[in-house]
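To keep things clear, I will list the structure first and then write my remarks on it.
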Amino acid sequence: MPTSHIRKPMGAIVEWAKRRLVAPVLLTATLVVAPLLAFSESTVRSIVDRWLSQCIVVVDSSQRSTEAPIIRIHTFGEMPASLPLTFATDEGQIDQISLINHVEQETTRIEANLLVHPLANQRCPGDLCPAQTIGAEKLTIRLKPVSPNYLYQLRILTTPAVSEDRIKVYVRPLQGEAMPCRVERATLANYVARQSKLVQLVLLSVGVVLLALVMGYLRRPKGDFL
């Protein structure tokens, strides 16, 4: 069969796709991205800088069937000098909180950051909370210093043993102590804040490239759709 007979149906299919698919996509992109076109380059850079410098603390947890719960504290952005963390349970008491040395104990499969906190392997009651001498329903420790983009892991021992969802974790600064951070449970909304610096950089780069492509496309002369 001559190739000219094949090209005609293919051309018709392409034209149909343009009419049916391209126009709705362009309309949606225009409604969402068009307001961004009024932003100057300096404004976009300012927004990115503010996003990278914001302070977010994300609380996550995990537990294997035969082990004590592990609370994970993810830090993102500019951190305060110290971070007061309170652990509480309404089912018994907390006997011990220990800050895990992630390099020695290999609690994560992949951990690129080999920086170990100076309080690693310390406990509460003990050096993590010098004023506390015995276990209680509520224990407060103060992490100091606090590194940005770091994963702190704490093992919680209780009597009787409780599951991870029965341990409440929150930040309660002292009266008059500034605390600019948002403290959140792990959700899809703070997924980026819980990733490594490399993953954050990749996701940010992909977002910037996609935004630049859409903005460049919308700035093309009218009528030039493809």
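Condition first: on the phi < 0 side of the Ramachandran plot, exposed (fewer than 11 other Cβ atoms within 10 Å of the Cβ) and not polar (S, T, N, Q). Now tell me which residues in the stretch 159-184 satisfy that.
Answer for the stretch 159-184, where residues must be on the phi < 0 side of the Ramachandran plot, exposed (fewer than 11 other Cβ atoms within 10 Å of the Cβ) and not polar (S, T, N, Q): Pro160, Asp165, Leu174, Ala178, Pro180.
Residues in the stretch 62-87 that are closer than 20 Å to Leu139 by Cβ and among the aromatic types (Phe, Trp, Tyr): how many?
Going through the stretch 62-87 one residue at a time, the tally reaches 1.
Suppose the filter is modelled with pLDDT of 90 or more and hydroxyl-bearing (Ser, Thr, Tyr); does Thr158 pass it?
Details: modelled with pLDDT of 90 or more: yes; hydroxyl-bearing (Ser, Thr, Tyr): yes.
So Thr158 fits the description; yes.
State whether the residues of the stretch 128-137 include one that is closer than 25 Å to Lys197 by Cβ and modelled with pLDDT of 90 or more.
no
Would you check if there is a residue in the stretch 207-225 being within 18 Å of Thr75 (Cα to Cα), in contact with a helix residue (DSSP H, G or I) (Cβ under 7 Å, 6 or more places away or on another chain) and either at pLDDT below 75 or not hydroxyl-bearing (Ser, Thr, Tyr) (or both)?
No.
Just checking, how many residues over the stretch 71-86 are more than 13 Å from Pro180 (Cβ to Cβ) and under 18 Å from the mean Cα position of the chain (by Cα)?
4
The values are calculated or read from the model by the stated rules, or taken from the named source; none is laboratory data. If you're wondering where the values come from, they're calculated on a predicted model, not measured in any experiment. Cβ atoms come from the backbone with ideal geometry, glycine included; neighbour counts cover every protein chain shown.
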